[in-house]
1. Tell me the GluC sites (Glu not before Pro) within the range 95-202 that lie in a loop according to DSSP and have at most 15 other beta-carbon atoms within 10 Å.
2. Please give the net charge around Glu260, taking every other residue with its beta carbon less than 15 angstrom from that of Glu260, where Lys and Arg add +1 and Asp and Glu add -1.
3. Count neighbours as other Cβ atoms within 10 Å of each site's Cβ, and list the trypsin sites (Lys or Arg not before Pro) in the range 1-73 that are DSSP loop with at most 11 such neighbours.
4. Going by amide H atoms built from the backbone, whose H comes under 5 Å of the H on Glu47, apart from near neighbours?
5. Along the range 247-255, what does the Karplus equation 6.51 cos²θ - 1.76 cosθ + 1.60 (θ = phi - 60°) give for ³J(HN,Hα), rounded to whole Hz, x for Gly and Pro?
6. For the range 230-312, which trypsin sites (Lys or Arg not before Pro) are in a loop by DSSP, counting at most 15 other Cβ atoms within 10 Å?
7. Output ³J(HN,Hα) for the range 221-233: one whole-Hz value per residue in order, computed from phi by the Karplus curve 6.51 cos²θ - 1.76 cosθ + 1.60 with θ = phi - 60°, and x for Gly and Pro.
8. Among Val110, Val146, Val235, which one shows the highest mean-square fluctuation when the chain is modelled as a Gaussian network with alpha-carbon springs under 10 Å?
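FYI, it's all coordinate maths here, none of it is from the lab. What you see is a predicted model; the values in this text were computed from it and never measured. All Cβ positions, glycine included, derive from the backbone under ideal geometry; neighbour counts span all protein chains shown.
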Amino acid sequence: MSLIKPLVIGHKEFPVNIIQGPLAGVSCAPFRKLIWRYSQPAFACTEMISCKTLLHKPISEQRRFVEIDKAEGPVCFQLSSSDPRELGEATRLVTEYGADIIDLNCGCPVKKIRKRGSGSKLLSYPEKLHALICAMKENTHQPVTVKIRVDGGSGDGFNAQMAEMLNCASPDAVIVHGRHYTEHYETPCNYEEIRYFVERLNMPVIGNGDIACADSLRAMLETGCAGVMIARAGVGQPWLIDRLISELAEQPFVGPTQAEIGEVFIEHIVALSELLGSERFAVYQARALIKYYARSIARRAALREKANVCNTISELESVCADFFVDHG
Ligand SMILES: Cc1cc2nc3c(=O)[nH]c(=O)nc-3n(C[C@H](O)[C@H](O)[C@H](O)COP(=O)(O)O)c2cc1C
């Protein structure tokens, strides 16, 4: 039986069960547009957006969070808040902006976010989380999801309490990242804890963590989850989801040449510069993005060093021309 199948979330059915997940500093329209050009995920997510920003900052400061390109497919807006009223209002707003799905971030480990009672801090307050999910459901006709982390083996009954609350609040799906919030992103993802939620929740579970190849994709789907979310591995290789679908179907997949990867990187930075209205900011972001595009380049340390001192896109372009080269 094929592991790649349609994914139903609320009243929506997506043709495949692979999602491009949210990444702060990455998941804006230029990135998602590339994902859609080279792959056909179920949907792609925005990065986490603070509801305070959505409700109180001028729209000119929100472009990078809320803009959707016409070349994109379905988009999931991910919100961050600890206040049900504020979250309800923001949910209504992003529904008007064109969100196809709305997700609540309950996994962010960053201190500043936890201090505000948001992100992974919400996992300590199941009743609050219940109220937040209800506020989202009351303010949109679109499917509502939550993205959580697991307890990481702390053995305090957290997963059981969380599963009970989620079954009661009934979001349309739950994304489970198989790590405790203190583990950030580097320890191996815990598939057994994802399976725990798959077995207990009444709604579809999307497994997330460390999917980067056909084997890790298979291992995640074998937890019984209805779908998977890929985050970091999609950056710098927007064709990844298509490649994985081909590999699982034992179909040939022709990847891009190094020169093409370099061109996609520059296209990404040019589009960022247009979105941000600043070449300088875009080139600054390029320094963080290049490590993903340079994965398969032997001299990637030297490439990153050179990219780090570029001040313009044309400087970046000539550095890339020296490194993204096809041999033979
Ligand atoms: C730089 C970075 C930014 C992230 N930003 C977000 C975010 O905005 N919202 C969110 O829910 N998760 C965020 N995550 C977590 C990812 O969505 C994902 O849960 C995690 O990286 C594990 O999946 P992966 O192994 O496929 O990357 C971020 C992770 C990283 C490394």
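1. Glu186
2. Summing Lys/Arg as +1 and Asp/Glu as -1 gives -2.
3. Here the sparse-neighbourhood loop sites are Lys70.
4. The list, which skips near neighbours in sequence, is Leu23, Ser27.
5. Computed from phi, the couplings for the range 247-255 are 5, 5, 8, 6, 9, x, 9, 9, x Hz.
6. The qualifying sites are Arg295, Arg299.
7. 5, 6, 6, x, 5, 6, x, 10, 10, 9, 10, 4, 5
8. The residue with the greatest mean-square fluctuation here is Val110.
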